[in-house]
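The values are calculated or read from the model by the stated rules, or taken from the named source; none is laboratory data. Here the structure is a predicted model, which means the values were calculated and not measured. Every residue, glycine among them, receives a Cβ derived from its backbone with ideal geometry; neighbour counts consider all protein chains shown.
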């Protein structure tokens with residue numbers, strides 16, 4: 001498929017003809033994935049798109065709207081950035097295995113791999129370890145590849161065998177291998193050492209800004225040195241993210257890192273999974289910290305979902321993961337841009 005977007009709108013017949021094979025493959029992939037979840041006794045749920053809190057991660061930006069009440073009052077609402085909070089409430093209600101093919105919305109995101117409206121496949125297992133989700137993700141890759149009639153995932157010249165056993169790699173090992181940085185040493189006893197991390201990153205050739213915090217440095221190293229090397233030839237499961245960057249995940253055996261992994265193929269992040277934190281007090285502390293960071297960087301914050309905090313007291317030990325459907329379809333069909341696998345992509349703003 002062509003690398004650059006068409007100058008004509010998606011509804012132009014010749015543009016639609018170019019895009020249609022990938023869109024039909026998308027339908028086959030969704031059908032196959034739904035069948036797998038049904039076969040594993042998952043209940044497919046549909047949670048609300050309008051929320052009082054859209055999520056509380058520092059770098060996720062929501063679309064805001066206003067609910068007008070019949071008495072003339074107004075309430076600020078948001079389009080969700082994820083169905084996570086609602087799904088956790090369903091786990092607290094007693095559901096054991098749930099999945100949602102969820103339309104989600106993220107502002108300030110547009111590019112080859114980003115679209116303001118997209119689909120997350122998000123699923124949860126109560127009473128099961130987060131490593132079980134790693135196996136689920138491998139199944140997603142293979143199921144999608146079969147449905148698309150291929151064995152090879154492709155993105156911009158990089159390939160991965162969907163049926164090869166994935167590589168398991170800790171975040172710390174990835175930083176050592178690809179950047180020559182001892183990541184855990186910069187975490188000390190759990191309190192991030194920004195200056196030590198900055199020195200190590202600069203020694204690795206990473207350019208930093210004077211006001212970069214520990215998390216900013218982490219992101220720069222990840223993007224510039226590591227992500228492009230992941231999932232080449234076979235998928236990579238990048239495991240054990242620092243706790244300070246895992247606001248919704250519970251700590252691992254090493255308290256500096258969390259039960260959190262991401263799935264990569266062809267240098268593209270496809271999924272983000274957690275052993276879910278269910279300590280209400282700790283969750284509040286972490287979300288408030290995330291919102292303080294958001295206020296520092298972007299000058300805004302979102303409300304804490306008080307119902308979520310209350311529900312965590314009754315939520316069982318659980319694991320959950322979110323996988324980007326469009327990115328999976330892109331890799332299975334060889335599409336170069338996310339717009340090519342969305343039936344009606346948002347058209348560029350008219351000037």
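Checked against the criterion of being free of Cβ contacts under 8 Å to residues at least 60 places away in the same chain and within 24 Å of residue 85 (Cα to Cα), the stretch 213-235 has no qualifying residue.
Against the numbered list (1) in contact with a helix residue (DSSP H, G or I) (Cβ under 6 Å, 6 or more places away or on another chain); (2) touching a residue at least 60 places away in the same chain (Cβ under 8 Å); (3) under 30 Å from residue 87 (Cβ atoms), residue 184 comes up short only at (3). The single residue among 242, 251 that is within 18 Å of residue 172 (Cβ to Cβ), without any contact (Cβ under 8 Å) to a residue 40 or more places away in the chain and under 20 Å from the mean Cα position of the chain (by Cα) turns out to be 251.
If you filter the stretch 314-326 down to residues that are touching a strand residue (DSSP E or B) at 6+ places or on another chain (Cβ under 9 Å) and more than 15 Å from residue 273 (Cβ to Cβ), you find that the one that is surrounded by the fewest Cβ atoms within 10 Å (Cβ to Cβ) is 316. If you check 69, 86, 102 for being surrounded by 16 or more Cβ atoms within 10 Å (Cβ to Cβ), over 15 Å from the mean Cα position of the chain (by Cα) and at negative phi, only one passes: 86. Could we say that residue 163 is outside any strand (DSSP E or B) and under 23 Å from residue 138 (Cα atoms) here? In short, yes. Suppose we keep only residues that are on the phi > 0 side of the Ramachandran plot and loosely packed, with under 13 Cβ neighbours inside 10 Å within the stretch 181-217. Which one would you say is modelled with the lowest pLDDT? It comes out as 188. Taking the condition in contact with a helix residue (DSSP H, G or I) (Cβ under 8 Å, 6 or more places away or on another chain), crowded, with 16+ Cβ neighbours inside 10 Å, outside any strand (DSSP E or B) and modelled with pLDDT of 95 or more, does residue 119 pass? Judged against the criteria, residue 119 is not a match. Taking the criterion of being over 20 Å from residue 167 (Cβ atoms) and in contact with a strand residue (DSSP E or B) (Cβ under 7 Å, 6 or more places away or on another chain), would at least one residue in the stretch 280-295 satisfy it? So far as the stretch 280-295 goes, no, none of its residues is over 20 Å from residue 167 (Cβ atoms) and in contact with a strand residue (DSSP E or B) (Cβ under 7 Å, 6 or more places away or on another chain).
Within the stretch 218-249, the residues that satisfy the criterion of being in a loop (DSSP other than H, G, I, E, B) and crowded, with 21+ Cβ neighbours inside 10 Å are 230, 231, 235, 240, 241, 246, 247, 248.
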